[in-house]
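Here the structure is laid out as structure tokens; the discussion comes afterwards.
The values are calculated or read from the model by the stated rules, or taken from the named source; none is laboratory data. Predicted, not measured: the structure shown is a model, and the values here were computed from it. Cβ sites come from the backbone with ideal geometry, for glycine too, and all protein chains shown count toward neighbours.
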Amino acid sequence: MLFEQLLCDDGVGEKLDFFVFPVVLNICCGLGDLELGRQLHGMILKHGFVTNVYVGNALIDMYGKCGSLGEAKKVLEAMPLKDRVSWNSIITACAFNGMVHEALDLLQNMLMSELEPNVVTWSAVIGGFSSNGYDVESVELLARMVGAGVAPNARTLASVLPACARMKRLCLGKVLHGYIVRRGLFSNGFVVNALVDMYRRCGDMKSAFEMFSKYVRKCAASYNTMIVGYSEHGNIIKAKELFDQMEQEGEERKRNRISWNCMISGYVNNFMLNEALILFRDLLINGIEPDSFTLGSVLTGCADMASIRRGKEIHSIAIVKGLQSNSFVGGALVEMYCKCNDIIAAQMAFDEISERDTSTWNALISGYARSNQIEKIRELLERMKRDGFEPNVYTWNSILAGLVENKQYDPAMQLFNEMQVSNLRPDIYTVGIILAACSKLATIHRGKQVHAYSVRAGYDSDVHIGATLVDMYAKCGGIKHCYQVYNKISNPNLVCHNAMLTAYAMHGHGEEGIAIFRRMLADKVRPDHITFLSVLSSCVHAGSIEIGYECFYLMKKFNITPTLKHYTCMVDLLSRAGKLDEAFQLIKNMPMEADSVTWSALLGGCFIHKEVSLGEIAAEKLIELEPGNTGNYVMLANLYASAGRWHDLAKIRELMNDRGMQKSPGCSWIEDRDGVHVFLASDKTHQRAEEIYYMLDNLTKFIRIKEHKSFIT
């Protein structure tokens, strides 16, 4: 260093002027070298410059930026003379080190003194509040600043705009945009980049792109902001265009590792997982060193693909780079192995993580929940607490999801009830998980309890919860409740419309389902393949062949290729209406092979209309596809019985006996306050079977007495 050489020259050190120290201390700030700063402080004391206000201010600034707020305060206290810069320096130091309320107190003291805060003071406090996540307070301080007659500068605005972005306050952001235009601050790159980011976070990508293309002095950071914005809003094609454009620009705009990370995570978040892996390969080919964020993003993609082979390849790269113990990479490895059902590898990856956090514990617990290892979960929860981590709502959601996935519905309901009376109240994701359990159990009483909780918690207005509630009530037989929930959704999306359409189709309300579909088209809601499947099912129940054909051909207009399920709906529609030859021709002309469901639909129509010859063809195909399915033989036997062909019926019965086939007994269940009770036909295994059959006998006798009295009268 030039300063060190200067000190080594004989006699020069004794002749140093005070103005040298602020310059060197400023360099020390840039280096972040606290020890060097302390040595300089010692030299200042030796030369007697500690009382100099300029040197003192520089010392406060150095200590503040090097993270030693206590020493900065001691310097301020020792200064005999303090000016506005002194107070600004200590306020900046407090704000920089997260002591924002202390910085605000100092600003309040200045307001009551002769040294009124200037734009530097206000900007330091506002910047501190904003960078520490106090978004509302930073905006309120900006209003106070303007009210005090101090005009915000570029630094102030660059601090407040991120707060607006995080709060999604687009209107306020536009007001600040107008102020920037009036003040001519577009020459400041930090301000304009902050504006672009504000529009991006608020979802106004059109304004963000206008700012980016017209005003921004384009650099890698501004390109990265736009790539993230387009990726977040699903426009991955535009994001890739900008990513490719960076390579054609100058050195300043050249793609860096952050650019690659933004594009890879964009692909992963938009479920373009193969593209993410291809881009990761290109990153390695281009000699870019992957970091923890790169590997974590790619591993998330492998987890979503359930590709353990590719996940292991990334794991080996992480080991070579020494990143397998990183909390972000390690957590992604645990999640990947859990989703690939390799819980042993997940446990090994977890054990290698140097600094675990709650999300890492949750990922492993989720894996054990998916593999239905309840005892291991209890053990992990105890270990988690011993390591100083408290289970949070995400922990319980992971366990709930595992229970539901493994069809452990009653324990899931019990855990949900326990959560309601604990400190960890169920969140919106908990409600979505437990409603799925209610749907599977088909227990409307429990479903209503969960619905009531969602209303109290304010979750019922959410479109996803609304759609799940509609689905739950449909599967529990409460079609009236379905429509009530659907009508209360303020701005239903496609998922909500599809849920209601499916509910109507499930309950045979064909006309109502068709009406919902018409309303969707009138409201310019673009249908998908699920929409058409539901409306075709509605047409089946309504017997509307013309509307069915209309909807079937309408799929082409929306660039949707009919699947086997759509063709099966049309076969079912035609078969029920007696157009059996037309249905058979449709099966023969389909671009794919018919499955058992398709042939079953045709056989069902043949049974209704007593068309034995075509029914035999359908039954033959069914038995060929599912030779062990008793139901196919029963359907053919019923067809023979309806046509009075008793000889053929006897042959089918004999064939079933020869093959050892028996019709599965019917199963019913009933819900009461004690839970759900399941019965098979002629079942006597229930613990209260004697009481049940005693009551049944009494009811039978009562009915006979009533019938006898009715006959006499």
Positions within region 539-597 being acidic (Asp, Glu) and farther than 20 Å from Leu521 by Cα, in sequence order: Asp572, Asp581, Glu582, Glu593, Asp595
Among the numbered criteria (1) within 38 Å of the chain's Cα centre (by Cα); (2) surrounded by fewer than 23 Cβ atoms within 10 Å (Cβ to Cβ), which single criterion is violated by Ala124? (2)
Got at least one residue in region 24-33 being in contact with a helix residue (DSSP H, G or I) (Cβ under 8 Å, 6 or more places away or on another chain) and modelled with pLDDT under 55? no
Pick from Asp572, Asp581, Asp595: which is of a type outside the set (Gly, Ala, Ser) and surrounded by fewer than 14 Cβ atoms within 10 Å (Cβ to Cβ)? Asp581
Among (1) within 30 Å of Leu586 (Cβ to Cβ); (2) touching a Phe, Trp or Tyr at 6+ places or on another chain (Cβ under 8 Å); (3) without any contact (Cβ under 8 Å) to a residue 24 or more places away in the chain, there is one condition Gly510 misses while meeting the rest; what is its number? (3)
In region 519-575, which residues are of a type in the set (Asp, Glu) and under 22 Å from Cys496 (Cα atoms)? Asp523, Asp528
Those residues that are closer than 27 Å to Glu546 by Cβ and not in a helix (DSSP H, G or I), I need them from region 573-632; list them, please. Ala577, Gly578, Lys579, Met590, Pro591, Met592, Ala594, Asp595, His609, Lys610, Glu611
Residue in region 468-482 that is surrounded by 16 or more Cβ atoms within 10 Å (Cβ to Cβ), farther than 30 Å from Glu550 by Cα and acidic (Asp, Glu) present: no
Output the qualifying pairs, or none if there are none: Cβ atoms under 6 angstrom, residues six or more apart or on different chains, first residue in region 588-617 and of a type in the set (Ser, Thr, Tyr), second residue assigned to a helix (DSSP H, G or I). Ser596/Leu622; Ser596/Leu625; Thr598/Thr568; Thr598/Val571
Out of (1) crowded, with 16+ Cβ neighbours inside 10 Å; (2) in a helix (DSSP H, G or I), the one Pro426 does not meet is (2)
Counted residues in region 558-586 being over 17 Å from Phe607 (Cα atoms) and aliphatic (A, V, I, L, M) come to 4
Leading residue by the ranking (nearest to Ile344 (Cα to Cα)) among those in region 306-321 that are in contact (Cβ under 8 Å) with a residue 12 or more places away in the chain and in a helix (DSSP H, G or I): Ile308
Exactly one of these conditions fails for Gly67: (1) closer than 14 Å to Cys29 by Cβ; (2) crowded, with 17+ Cβ neighbours inside 10 Å. Give me its number. (2)
Looking only at residues in region 88-121 that are touching a Leu at 6+ places or on another chain (Cβ under 7 Å) and either part of a helix (DSSP H, G or I) or charged (D, E, K, R) (or both), which one is farthest from Val160 (Cα to Cα)? Ile90
Out of (1) at pLDDT below 85; (2) of a type in the set (A, V, I, L, M); (3) under 27 Å from Arg526 (Cα atoms), what's the single condition that is false for Leu469? (1)
Within region 281-298, tally of residues that are surrounded by 17 or more Cβ atoms within 10 Å (Cβ to Cβ) and either touching a strand residue (DSSP E or B) at 6+ places or on another chain (Cβ under 7 Å) or not in a helix (DSSP H, G or I) (or both): 3
Filter region 422-446 for residues that are of a type in the set (S, T, N, Q), at pLDDT below 90 and either under 22 Å from the mean Cα position of the chain (by Cα) or over 23 Å from Thr395 (Cβ atoms) (or both) and give the result. Ser439, Thr443
Unique residue being more than 24 Å from the chain's Cα centre (by Cα), buried (at least 17 other Cβ atoms within 10 Å of the Cβ) and farther than 28 Å from Val268 by Cβ when the list is Val150, Val146, Val196, Val175: Val150
Condition (residue is at pLDDT 80 or above and crowded, with 18+ Cβ neighbours inside 10 Å) applied to region 34-43: is it met by at least one residue? no
Scan Lys565, Lys556 and give me the residue that is in a helix (DSSP H, G or I), over 19 Å from Leu639 (Cβ atoms) and out of contact with any helix residue (DSSP H, G or I) (no Cβ under 8 Å at 6 or more places or on another chain). Lys556
Sort out for me the helices (runs of 4 or more DSSP H) sitting completely within region 329-412 that have 1 or more residues that are among the small types (Gly, Ala, Ser), without any contact (Cβ under 8 Å) to a residue 40 or more places away in the chain and surrounded by fewer than 22 Cβ atoms within 10 Å (Cβ to Cβ). 343-352, 358-370, 393-405
So the check is Cβ under 6 Å with 6+ separation or different chains; which pairs have a first residue in region 562-586 that's touching a residue at least 12 places away in the same chain (Cβ under 8 Å) and farther than 17 Å from Ile530 by Cα and a second one that's of a type in the set (Asp, Glu) and assigned to a helix (DSSP H, G or I)? Leu574/Glu582
Within region 447-480, tally of residues that are within 22 Å of the chain's Cα centre (by Cα) and basic (Lys, Arg): 0
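This table checks each residue for (1) modelled with pLDDT under 60; (2) under 25 Å from Lys579 (Cα atoms); (3) within 45 Å of the chain's Cα centre (by Cα).
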residue: Gly615; (1), (2), (3): no, yes, no
residue: Asn632; (1), (2), (3): no, yes, yes
residue: Asn657; (1), (2), (3): no, no, no
residue: Trp669; (1), (2), (3): yes, no, yes
State whether one or more residues within region 225-241 are hydroxyl-bearing (Ser, Thr, Tyr) and farther than 21 Å from Thr300 by Cβ. yes
Restricting to region 449-479, count the residues that are assigned to a helix (DSSP H, G or I) and in contact with a helix residue (DSSP H, G or I) (Cβ under 8 Å, 6 or more places away or on another chain). 19
So is Arg183 out of contact with any Ser or Thr (no Cβ under 7 Å at 6 or more places or on another chain), surrounded by fewer than 18 Cβ atoms within 10 Å (Cβ to Cβ) and of a type in the set (Lys, Arg) or not? yes
Those residues of region 553-589 which are within 24 Å of Ile608 (Cα to Cα) and of a type in the set (Phe, Trp, Tyr) amount to Tyr567, Phe584
